[in-house]
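Asker: Can you keep this structure in mind? I'll have questions shortly.
The values are calculated or read from the model by the stated rules, or taken from the named source; none is laboratory data. What you see is a predicted model; the values in this text were computed from it and never measured. Cβ: placed from backbone, ideal geometry, glycine included. Neighbour counts: every protein chain shown. To get the accessible areas, we keep the full protein, side chains included, count just its heavy atoms, and leave off ligands, DNA and RNA. Shrake-Rupley method; radii C 1.70, N 1.55, O 1.52, S 1.80 Å.
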Amino acid sequence: MGQQPDDMFGDDNYPAYTIGQAAEMLGATQDFLRRLDEAGLINPHRSSGGHRRYSRYQLRLAARAREMVDQGTAMEAACRIIILEDQLEEALRQNEKR
C-alpha cells in the first residue's frame with residue numbers, strides 16, 4: 001500500500017515536484033537541474049512516463065548548488081563540495097546515534 005497524502009507532504013524525500021515546478025522554485029532553468037543530475041548531485045525519481053520528479057531534500061541541494069555557481073564556483077566543483085558536505089553531515093548524525 002502507498003503512502004497516505006499526509007505522510008507524503010511531511011516526507012522530505014517524497015518526489016512531489018516536476019522539473020518545471022522545481023526550476024521555477026529555484027529561479028533556475030530546467031537545463032540547470034538536468035546538469036545537476038548528470039553531475040551526480042541529485043538523482044530525481046522518474047515517473048512511469050519517464051518525467052523527473054524532485055523532493056524537497058533534492059531542491060535544497062539544488063538551491064545550494066545554484067548559490068555556489070552564482071558565486072563563481074564551477075558546477076562540477078560545487079556538486080562535489082555539496083556531496084562531501086552531505087556525506088560528512090550523515091556521518092556525524094550516525095556518530096551521534098552511537
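Asker: Return the total of residues in segment 45-72 being in a loop (DSSP other than H, G, I, E, B), open to solvent by less than 80 Å² (accessible area, probe 1.4 Å) and touching a strand residue (DSSP E or B) at 6+ places or on another chain (Cβ under 7 Å).
Answerer: Residues of segment 45-72 that are in a loop (DSSP other than H, G, I, E, B), as a first pass: 47-51, 55, 71-72.
If we keep only those that are open to solvent by less than 80 Å² (accessible area, probe 1.4 Å) too, we end up with 47, 49-50, 55, 72.
Next cut, touching a strand residue (DSSP E or B) at 6+ places or on another chain (Cβ under 7 Å) only: 47.
Matching residues across segment 45-72 total 1.
Asker: Could you check segment 1-37 and list, in sequence order, the residues that are at pLDDT below 95, within 19 Å of Ile82 (Cα to Cα) and open to solvent by 60 Å² or more (accessible area, probe 1.4 Å)?
Answerer: The answer is Asn13, and nothing else.
Asker: Further question on the same structure: Consider Ile42 carefully, then state whether it is free of Cβ contacts under 8 Å to residues at least 40 places away in the same chain and open to solvent by less than 40 Å² (accessible area, probe 1.4 Å).
Answerer: Answer is yes for this residue.
Asker: Could you tell me how many of the residues in segment 61-76 are of a type outside the set (A, V, I, L, M, F, W, C) and in contact (Cβ under 8 Å) with a residue 24 or more places away in the chain?
Answerer: Within segment 61-76, residues that are of a type outside the set (A, V, I, L, M, F, W, C) and in contact (Cβ under 8 Å) with a residue 24 or more places away in the chain number 2.
Asker: Considering only segment 73-94, I want to know if a residue exists there that is surrounded by 11 or more Cβ atoms within 10 Å (Cβ to Cβ) and outside any helix (DSSP H, G or I).
Answerer: Pass one, segment 73-94, residues surrounded by 11 or more Cβ atoms within 10 Å (Cβ to Cβ): 73, 75-83, 85-86.
So of that shortlist, the ones also outside any helix (DSSP H, G or I) come out as 73.
There is at least one residue in segment 73-94 that is surrounded by 11 or more Cβ atoms within 10 Å (Cβ to Cβ) and outside any helix (DSSP H, G or I).
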